[in-house]
Amino acid sequence: MQKPSPDPLTPKLPTSGAPEAQPGSAPALRSGSGSGSGSGAGAVSGARAWLRRHRGGAAIGAAAAVGLTVVISTQLAPRGDSLPLSVHNAGPGGARAVSEILGRHGVEVQDVESFDSATAALADRPGATLLLYDRSGFLDQSRLDELTASAGRVVLVTPRLGTLKAFDTGISQAGVVPESTALLEPGCDLTDPAAAGAVSGTGGFLYDGGTVCFSPPGSTAGLLARTDDGGLTVLGSTALLNNGGLAGHGHAALALRTLGGSEVVVWYLPGLGDAAAAESTQTLDDLAPDWVAFLGPWLVFVAVLAIVWRGRRLGPLVFEPLPVVVKAVETAEGRARLYQDSHALDRARDNLRAGTLVRLAQALRVGSQATADDVVQAVARHLGRPVRDISGLIQERPGTATRLVQWSQELDKLENEVRTR
(Lines give C-alpha, C1' and ligand atoms only; values in the text may rest on other atoms or scores of the structure.)
Protein backbone atom coordinates (compact mmCIF):
# COMPACT_ATOMS: atom_id res chain seq x y z
CA MET A 1 0.00 0.00 0.00
CA GLN A 2 1.10 3.46 -0.78
CA LYS A 3 1.21 6.02 1.99
CA PRO A 4 -0.83 9.12 1.38
CA SER A 5 1.24 12.18 0.57
CA PRO A 6 1.17 14.80 3.22
CA ASP A 7 -1.00 17.83 2.62
CA PRO A 8 1.13 20.91 2.01
CA LEU A 9 -1.28 22.98 4.05
CA THR A 10 -0.96 20.66 7.02
CA PRO A 11 1.71 21.78 9.51
CA LYS A 12 4.59 19.42 9.80
CA LEU A 13 4.79 17.90 13.23
CA PRO A 14 8.14 17.36 14.83
CA THR A 15 9.40 13.86 14.92
CA SER A 16 10.27 12.14 18.07
CA GLY A 17 13.99 12.43 17.31
CA ALA A 18 13.87 16.17 16.71
CA PRO A 19 14.28 18.39 19.67
CA GLU A 20 11.16 20.12 20.72
CA ALA A 21 10.96 23.84 20.47
CA GLN A 22 11.26 25.42 23.85
CA PRO A 23 8.59 27.81 24.85
CA GLY A 24 11.08 30.66 25.07
CA SER A 25 12.95 29.91 21.88
CA ALA A 26 10.80 32.02 19.52
CA PRO A 27 10.79 35.02 21.77
CA ALA A 28 14.55 34.64 22.16
CA LEU A 29 14.95 34.76 18.36
CA ARG A 30 12.87 37.91 18.10
CA SER A 31 14.78 39.42 20.93
CA GLY A 32 18.06 38.80 19.13
CA SER A 33 16.86 40.46 15.90
CA GLY A 34 15.50 43.38 17.87
CA SER A 35 18.83 43.94 19.61
CA GLY A 36 20.59 44.35 16.23
CA SER A 37 18.17 47.03 15.04
CA GLY A 38 18.33 48.69 18.41
CA SER A 39 22.14 48.98 18.25
CA GLY A 40 21.87 50.68 14.78
CA ALA A 41 19.27 53.15 16.05
CA GLY A 42 21.44 53.84 19.08
CA ALA A 43 24.41 54.61 16.84
CA VAL A 44 22.33 57.07 14.78
CA SER A 45 20.97 58.77 17.87
CA GLY A 46 24.50 58.94 19.31
CA ALA A 47 25.79 60.57 16.13
CA ARG A 48 23.00 63.12 16.28
CA ALA A 49 23.75 63.87 19.90
CA TRP A 50 27.45 64.28 19.11
CA LEU A 51 26.61 66.71 16.28
CA ARG A 52 24.39 68.72 18.59
CA ARG A 53 27.15 68.96 21.15
CA HIS A 54 29.86 69.84 18.60
CA ARG A 55 27.87 71.70 15.95
CA GLY A 56 30.11 74.79 16.25
CA GLY A 57 33.28 72.83 15.62
CA ALA A 58 31.62 70.87 12.82
CA ALA A 59 30.56 74.09 11.08
CA ILE A 60 34.07 75.53 11.39
CA GLY A 61 35.57 72.33 10.02
CA ALA A 62 33.19 72.31 7.06
CA ALA A 63 33.97 75.94 6.30
CA ALA A 64 37.70 75.22 6.52
CA ALA A 65 37.33 72.29 4.15
CA VAL A 66 35.44 74.42 1.62
CA GLY A 67 38.04 77.18 1.89
CA LEU A 68 40.89 74.72 1.46
CA THR A 69 39.20 73.30 -1.63
CA VAL A 70 38.80 76.76 -3.13
CA VAL A 71 42.43 77.65 -2.43
CA ILE A 72 43.73 74.43 -3.95
CA SER A 73 41.53 74.79 -7.03
CA THR A 74 42.65 78.40 -7.43
CA GLN A 75 46.32 77.47 -7.19
CA LEU A 76 45.95 74.62 -9.64
CA ALA A 77 43.94 76.70 -12.13
CA PRO A 78 45.86 78.37 -14.96
CA ARG A 79 47.00 81.83 -13.93
CA GLY A 80 45.93 84.94 -15.84
CA ASP A 81 45.72 88.69 -15.50
CA SER A 82 43.49 91.56 -16.53
CA LEU A 83 45.95 93.65 -18.54
CA PRO A 84 44.73 94.79 -21.96
CA LEU A 85 46.27 92.78 -24.79
CA SER A 86 48.03 90.44 -22.37
CA VAL A 87 48.55 86.91 -23.68
CA HIS A 88 47.53 85.62 -20.22
CA ASN A 89 44.25 87.54 -20.17
CA ALA A 90 41.28 85.44 -21.29
CA GLY A 91 38.83 88.33 -20.95
CA PRO A 92 37.45 90.38 -23.84
CA GLY A 93 40.36 92.83 -23.65
CA GLY A 94 43.08 90.19 -23.51
CA ALA A 95 45.03 88.55 -26.33
CA ARG A 96 45.17 84.90 -25.28
CA ALA A 97 43.19 83.80 -28.32
CA VAL A 98 45.52 85.34 -30.91
CA SER A 99 48.59 83.97 -29.10
CA GLU A 100 47.15 80.45 -29.13
CA ILE A 101 46.20 80.72 -32.79
CA LEU A 102 49.69 81.89 -33.67
CA GLY A 103 51.12 78.97 -31.70
CA ARG A 104 49.00 76.48 -33.66
CA HIS A 105 50.41 77.92 -36.90
CA GLY A 106 54.00 77.41 -35.77
CA VAL A 107 54.68 80.92 -34.48
CA GLU A 108 56.22 81.10 -31.02
CA VAL A 109 54.80 83.90 -28.89
CA GLN A 110 57.32 84.90 -26.21
CA ASP A 111 55.80 87.10 -23.52
CA VAL A 112 58.25 89.46 -21.81
CA GLU A 113 57.56 91.66 -18.78
CA SER A 114 60.46 94.15 -18.77
CA PHE A 115 62.76 96.04 -21.08
CA ASP A 116 65.76 93.89 -20.20
CA SER A 117 63.91 90.67 -20.92
CA ALA A 118 62.62 92.12 -24.20
CA THR A 119 66.11 93.05 -25.42
CA ALA A 120 67.45 89.66 -24.32
CA ALA A 121 64.69 87.83 -26.19
CA LEU A 122 65.30 89.87 -29.35
CA ALA A 123 69.04 89.29 -29.09
CA ASP A 124 68.52 85.51 -28.81
CA ARG A 125 66.08 85.44 -31.73
CA PRO A 126 67.42 87.58 -34.60
CA GLY A 127 64.74 88.62 -37.04
CA ALA A 128 61.90 88.23 -34.51
CA THR A 129 58.81 90.43 -34.68
CA LEU A 130 58.29 92.81 -31.75
CA LEU A 131 54.73 93.65 -30.76
CA LEU A 132 54.81 96.78 -28.61
CA TYR A 133 51.74 98.13 -26.81
CA ASP A 134 53.00 101.06 -24.73
CA ARG A 135 49.65 102.68 -23.96
CA SER A 136 51.09 104.91 -21.19
CA GLY A 137 54.28 105.98 -22.97
CA PHE A 138 56.71 104.47 -20.45
CA LEU A 139 59.61 104.00 -22.89
CA ASP A 140 61.83 106.90 -23.91
CA GLN A 141 63.56 107.38 -27.25
CA SER A 142 66.82 105.67 -26.29
CA ARG A 143 65.05 102.50 -25.27
CA LEU A 144 62.82 102.53 -28.34
CA ASP A 145 65.89 102.91 -30.54
CA GLU A 146 67.51 99.92 -28.84
CA LEU A 147 64.41 97.78 -29.35
CA THR A 148 64.12 98.80 -33.01
CA ALA A 149 67.76 97.92 -33.66
CA SER A 150 67.30 94.43 -32.20
CA ALA A 151 63.96 93.53 -33.80
CA GLY A 152 63.40 92.38 -37.33
CA ARG A 153 59.94 93.97 -37.56
CA VAL A 154 58.02 96.17 -35.12
CA VAL A 155 54.23 96.23 -34.75
CA LEU A 156 52.92 99.19 -32.72
CA VAL A 157 49.39 99.07 -31.34
CA THR A 158 47.72 102.49 -30.84
CA PRO A 159 51.04 104.25 -30.13
CA ARG A 160 51.19 107.65 -28.41
CA LEU A 161 52.50 110.79 -30.08
CA GLY A 162 55.84 110.59 -28.25
CA THR A 163 56.35 106.99 -29.34
CA LEU A 164 55.78 107.83 -33.00
CA LYS A 165 58.14 110.80 -32.80
CA ALA A 166 60.82 108.57 -31.28
CA PHE A 167 60.63 106.14 -34.23
CA ASP A 168 60.85 109.06 -36.70
CA THR A 169 59.53 107.07 -39.66
CA GLY A 170 57.18 109.71 -41.05
CA ILE A 171 54.05 108.11 -39.57
CA SER A 172 51.99 110.53 -37.47
CA GLN A 173 48.64 110.63 -35.71
CA ALA A 174 45.69 111.85 -37.76
CA GLY A 175 42.65 111.76 -35.48
CA VAL A 176 40.02 109.11 -34.82
CA VAL A 177 37.72 107.06 -37.00
CA PRO A 178 34.35 108.83 -37.46
CA GLU A 179 31.48 107.28 -35.52
CA SER A 180 29.44 107.01 -38.71
CA THR A 181 32.01 104.65 -40.25
CA ALA A 182 31.38 101.15 -38.93
CA LEU A 183 33.46 99.14 -41.43
CA LEU A 184 36.67 100.05 -43.21
CA GLU A 185 37.72 98.47 -46.49
CA PRO A 186 41.44 97.85 -47.15
CA GLY A 187 41.74 100.30 -50.04
CA CYS A 188 45.50 99.71 -50.48
CA ASP A 189 47.92 97.53 -52.43
CA LEU A 190 49.36 95.64 -49.42
CA THR A 191 48.81 91.90 -49.61
CA ASP A 192 47.91 91.23 -45.98
CA PRO A 193 45.16 93.86 -45.57
CA ALA A 194 43.70 93.00 -48.98
CA ALA A 195 43.48 89.32 -48.01
CA ALA A 196 41.94 90.11 -44.62
CA GLY A 197 39.09 92.22 -45.99
CA ALA A 198 36.99 94.77 -44.12
CA VAL A 199 37.61 95.46 -40.43
CA SER A 200 35.75 97.39 -37.75
CA GLY A 201 36.71 101.02 -37.27
CA THR A 202 34.72 101.66 -34.10
CA GLY A 203 36.84 103.53 -31.55
CA GLY A 204 39.98 103.29 -33.69
CA PHE A 205 42.72 105.84 -34.37
CA LEU A 206 43.93 107.06 -37.76
CA TYR A 207 47.54 107.44 -38.85
CA ASP A 208 49.14 109.12 -41.83
CA GLY A 209 52.44 108.46 -43.57
CA GLY A 210 53.96 105.52 -45.39
CA THR A 211 51.45 103.11 -46.92
CA VAL A 212 47.98 103.61 -45.43
CA CYS A 213 45.14 101.08 -45.38
CA PHE A 214 41.58 101.00 -44.04
CA SER A 215 40.86 104.70 -44.63
CA PRO A 216 37.42 106.22 -43.94
CA PRO A 217 35.65 107.82 -46.92
CA GLY A 218 37.18 111.18 -47.82
CA SER A 219 40.31 110.73 -45.66
CA THR A 220 43.90 110.04 -46.58
CA ALA A 221 44.72 108.57 -43.13
CA GLY A 222 43.98 104.98 -42.21
CA LEU A 223 43.62 102.48 -39.38
CA LEU A 224 46.83 100.73 -40.53
CA ALA A 225 50.04 102.41 -41.62
CA ARG A 226 53.24 100.69 -42.75
CA THR A 227 56.63 102.05 -43.68
CA ASP A 228 57.84 101.51 -47.21
CA ASP A 229 60.46 98.97 -46.11
CA GLY A 230 57.91 97.05 -44.00
CA GLY A 231 59.96 97.36 -40.83
CA LEU A 232 57.23 99.19 -38.88
CA THR A 233 53.49 98.56 -38.85
CA VAL A 234 51.06 100.70 -36.84
CA LEU A 235 47.64 99.34 -35.86
CA GLY A 236 45.09 101.90 -34.71
CA SER A 237 42.73 99.63 -32.79
CA THR A 238 43.13 97.00 -30.08
CA ALA A 239 39.97 95.29 -31.37
CA LEU A 240 42.08 93.84 -34.19
CA LEU A 241 43.95 91.67 -31.65
CA ASN A 242 41.90 91.27 -28.46
CA ASN A 243 39.67 88.34 -27.63
CA GLY A 244 36.45 90.31 -27.92
CA GLY A 245 37.02 91.50 -31.49
CA LEU A 246 39.22 88.80 -33.00
CA ALA A 247 36.29 86.77 -34.38
CA GLY A 248 34.69 89.77 -36.12
CA HIS A 249 35.10 90.61 -39.81
CA GLY A 250 38.71 90.19 -41.03
CA HIS A 251 40.41 90.79 -37.68
CA ALA A 252 41.80 87.28 -37.22
CA ALA A 253 43.20 87.12 -40.74
CA LEU A 254 44.82 90.55 -40.41
CA ALA A 255 46.34 89.67 -37.03
CA LEU A 256 47.77 86.36 -38.27
CA ARG A 257 49.21 87.88 -41.44
CA THR A 258 50.67 90.88 -39.61
CA LEU A 259 52.28 88.90 -36.76
CA GLY A 260 52.89 85.56 -38.48
CA GLY A 261 55.58 86.71 -40.87
CA SER A 262 58.36 85.46 -38.57
CA GLU A 263 58.87 82.39 -36.44
CA VAL A 264 58.99 84.30 -33.14
CA VAL A 265 56.86 87.16 -31.84
CA VAL A 266 58.17 89.00 -28.76
CA TRP A 267 55.06 90.30 -26.99
CA TYR A 268 56.03 93.32 -24.89
CA LEU A 269 53.67 95.44 -22.74
CA PRO A 270 55.79 98.04 -20.85
CA GLY A 271 54.84 98.69 -17.21
CA LEU A 272 55.66 100.96 -14.29
CA GLY A 273 58.99 99.21 -13.71
CA ASP A 274 60.17 100.35 -17.12
CA ALA A 275 59.18 103.95 -16.37
CA ALA A 276 60.97 103.92 -12.98
CA ALA A 277 64.17 102.59 -14.56
CA ALA A 278 64.16 105.00 -17.49
CA GLU A 279 67.04 107.46 -17.40
CA SER A 280 65.02 110.30 -18.96
CA THR A 281 62.28 110.38 -16.34
CA GLN A 282 61.55 114.06 -15.66
CA THR A 283 60.75 115.55 -12.29
CA LEU A 284 58.28 118.32 -11.53
CA ASP A 285 61.12 120.85 -11.57
CA ASP A 286 62.06 119.76 -15.08
CA LEU A 287 58.49 119.94 -16.34
CA ALA A 288 57.68 123.34 -14.77
CA PRO A 289 58.42 126.49 -16.80
CA ASP A 290 61.17 128.89 -15.76
CA TRP A 291 58.86 131.59 -14.39
CA VAL A 292 57.57 129.21 -11.68
CA ALA A 293 60.81 129.76 -9.74
CA PHE A 294 59.80 133.42 -9.24
CA LEU A 295 56.04 132.96 -9.02
CA GLY A 296 56.15 130.38 -6.21
CA PRO A 297 57.96 132.52 -3.58
CA TRP A 298 55.90 135.55 -4.60
CA LEU A 299 52.63 133.67 -4.01
CA VAL A 300 53.87 132.54 -0.60
CA PHE A 301 54.76 136.14 0.31
CA VAL A 302 51.32 137.42 -0.78
CA ALA A 303 49.59 134.66 1.17
CA VAL A 304 51.49 135.59 4.34
CA LEU A 305 50.55 139.25 3.91
CA ALA A 306 46.89 138.31 3.44
CA ILE A 307 46.95 136.20 6.60
CA VAL A 308 48.45 139.04 8.64
CA TRP A 309 46.04 141.60 7.17
CA ARG A 310 42.87 139.59 7.72
CA GLY A 311 44.01 137.93 10.93
CA ARG A 312 44.42 141.22 12.82
CA ARG A 313 40.80 142.17 12.13
CA LEU A 314 39.52 139.22 14.10
CA GLY A 315 41.26 140.13 17.33
CA PRO A 316 42.14 137.73 20.12
CA LEU A 317 39.93 134.78 20.96
CA VAL A 318 37.59 135.19 23.94
CA PHE A 319 36.51 132.11 25.84
CA GLU A 320 33.11 132.53 27.47
CA PRO A 321 30.98 129.94 29.26
CA LEU A 322 27.73 128.93 27.56
CA PRO A 323 24.91 129.82 27.51
CA VAL A 324 25.77 133.50 27.07
CA VAL A 325 23.18 136.17 27.83
CA VAL A 326 23.69 139.24 25.66
CA LYS A 327 21.96 142.46 26.60
CA ALA A 328 19.62 144.07 24.10
CA VAL A 329 21.58 147.29 24.05
CA GLU A 330 24.75 145.38 23.13
CA THR A 331 22.93 143.64 20.28
CA ALA A 332 21.63 146.99 18.99
CA GLU A 333 25.05 148.60 19.19
CA GLY A 334 26.70 145.66 17.49
CA ARG A 335 24.18 145.72 14.65
CA ALA A 336 24.61 149.48 14.29
CA ARG A 337 28.37 149.07 13.98
CA LEU A 338 27.86 146.42 11.30
CA TYR A 339 25.59 148.78 9.35
CA GLN A 340 28.15 151.57 9.75
CA ASP A 341 31.08 149.43 8.58
CA SER A 342 29.19 148.22 5.52
CA HIS A 343 27.68 151.70 4.79
CA ALA A 344 24.20 150.20 4.79
CA LEU A 345 22.27 153.50 5.05
CA ASP A 346 19.18 152.16 3.30
CA ARG A 347 18.96 149.12 5.56
CA ALA A 348 19.39 151.22 8.75
CA ARG A 349 16.84 153.78 7.52
CA ASP A 350 14.22 151.12 6.79
CA ASN A 351 14.72 149.51 10.21
CA LEU A 352 14.37 152.87 12.02
CA ARG A 353 11.22 153.76 10.06
CA ALA A 354 9.63 150.33 10.68
CA GLY A 355 10.37 150.48 14.42
CA THR A 356 8.95 154.02 14.70
CA LEU A 357 5.71 153.06 12.91
CA VAL A 358 5.21 150.00 15.13
CA ARG A 359 5.72 151.96 18.34
CA LEU A 360 3.45 154.81 17.18
CA ALA A 361 0.72 152.36 16.22
CA GLN A 362 0.90 150.75 19.66
CA ALA A 363 0.82 154.13 21.43
CA LEU A 364 -2.19 155.36 19.43
CA ARG A 365 -3.91 151.93 19.41
CA VAL A 366 -4.75 151.98 15.69
CA GLY A 367 -4.59 148.18 15.43
CA SER A 368 -2.17 145.72 13.96
CA GLN A 369 -3.74 145.89 10.50
CA ALA A 370 -3.07 149.64 10.11
CA THR A 371 -0.88 150.81 7.24
CA ALA A 372 1.82 153.48 7.32
CA ASP A 373 -0.62 156.07 5.98
CA ASP A 374 -3.12 155.20 8.73
CA VAL A 375 -0.44 155.67 11.40
CA VAL A 376 0.63 159.02 9.87
CA GLN A 377 -2.94 160.30 9.83
CA ALA A 378 -3.50 159.16 13.43
CA VAL A 379 -0.34 160.96 14.58
CA ALA A 380 -1.38 164.14 12.74
CA ARG A 381 -4.83 164.08 14.38
CA HIS A 382 -3.35 163.34 17.81
CA LEU A 383 -0.80 166.18 17.62
CA GLY A 384 -2.93 168.60 15.61
CA ARG A 385 -0.26 168.97 12.95
CA PRO A 386 -0.52 168.77 9.15
CA VAL A 387 -0.39 165.27 7.67
CA ARG A 388 2.17 166.47 5.12
CA ASP A 389 4.70 167.39 7.83
CA ILE A 390 4.37 164.05 9.65
CA SER A 391 4.53 162.07 6.37
CA GLY A 392 7.53 164.05 5.16
CA LEU A 393 9.41 163.30 8.37
CA ILE A 394 8.64 159.61 8.45
CA GLN A 395 9.14 158.99 4.71
CA GLU A 396 12.39 160.96 4.48
CA ARG A 397 15.38 159.20 2.87
CA PRO A 398 18.62 160.42 4.49
CA GLY A 399 21.61 160.26 2.15
CA THR A 400 24.46 160.57 4.66
CA ALA A 401 25.32 159.06 8.01
CA THR A 402 25.15 162.46 9.70
CA ARG A 403 21.67 163.14 8.42
CA LEU A 404 20.65 159.59 9.40
CA VAL A 405 21.61 160.30 13.03
CA GLN A 406 19.71 163.61 13.01
CA TRP A 407 16.69 161.96 11.44
CA SER A 408 16.65 159.21 14.08
CA GLN A 409 16.72 161.88 16.81
CA GLU A 410 13.75 163.65 15.19
CA LEU A 411 11.82 160.36 15.07
CA ASP A 412 12.59 159.76 18.75
CA LYS A 413 11.39 163.27 19.57
CA LEU A 414 8.15 162.61 17.64
CA GLU A 415 7.52 159.42 19.63
CA ASN A 416 8.07 161.21 22.93
CA GLU A 417 5.66 163.97 21.90
CA VAL A 418 2.97 161.38 21.04
CA ARG A 419 3.40 159.58 24.39
CA THR A 420 3.28 162.78 26.51
CA ARG A 421 0.05 164.14 25.00
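The values are calculated or read from the model by the stated rules, or taken from the named source; none is laboratory data. Computed from a prediction, not measured in an experiment: that's the story for all the values here. Cβ atoms come from the backbone with ideal geometry, glycine included; neighbour counts cover every protein chain shown. Ligands, DNA and RNA are stripped out before the accessible areas are found, and what is left, the full protein with its side chains, is counted by its heavy atoms. Shrake-Rupley method; radii C 1.70, N 1.55, O 1.52, S 1.80 Å.
For region 346-421, the relative contact order works out to 36 percent when only alpha carbon pairs closer than 8 Å and six or more residues apart are counted. A Förster radius of 60 Å, combined with the Cβ-Cβ distance separating PHE301 from SER45, puts the computed FRET efficiency at roughly 0.10. Spin-label model, ALA253/ALA336: points 7 Å from Cα along the beta carbon direction are separated by 9.5 nm. May I ask you to derive the FRET efficiency for ASP290 and ASP228 from their Cβ-Cβ distance with R0 = 35 Å, giving the value to the nearest 0.05? Approximately 0.25, to the nearest 0.05.
Multiplying the residue separation of ASP346 and SER117 by 0.36 nm and subtracting their alpha-carbon distance yields 74.5 nm.
Averaging the Cα positions of each part gives two centres, and for region 205-278 and region 346-371 these lie 84 Å apart. Taking all Cα pairs closer than 8 Å and separated by 6 or more residues, the relative contact order of region 121-265 comes to 23 percent. Which FRET efficiency, nearest 0.05, do ASP389 and VAL308 yield, Cβ-Cβ r, R0 56 Å? Rounded to the nearest 0.05, the efficiency is 0.55. Per residue, region 163-230 exposes 48 Å² of solvent-accessible protein surface, assessed with a 1.4 angstrom probe and all protein chains in place. Each Lys or Arg adds one and each Asp or Glu takes one away; over the other residues whose Cβ falls under 11 Å from the Cβ of GLY230, this sums to -1. A 1.4 Å probe run over region 298-404, with the rest of the protein chains in place, finds 79 Å² accessible per residue.
Near LEU411, once Lys and Arg are set to +1 and Asp and Glu to -1 for all other residues with Cβ below 12 Å from its Cβ, the sum equals -1.
Projecting the Cα atoms of GLY244, CYS213, GLY296 onto the dipole axis of region 206-317, where Lys and Arg carry +1 and Asp and Glu carry -1 at the beta carbon, places GLY296 farthest toward the positive end.
Of interest is the spacing of the C-alpha centroids, which for region 161-191 and region 120-141 amounts to 20 Å.
Taking each residue as 0.36 nm, the span from LEU161 to GLN406 lengthens on full extension beyond its C-alpha to C-alpha distance by 80.6 nm. Counting only protein heavy atoms and a probe of 1.4 Å, the accessible surface of region 261-413 is 59% carbon and sulfur. Relative contact order of region 177-253, taken over Cα pairs closer than 8 Å and 6 or more residues apart, is 28 percent.
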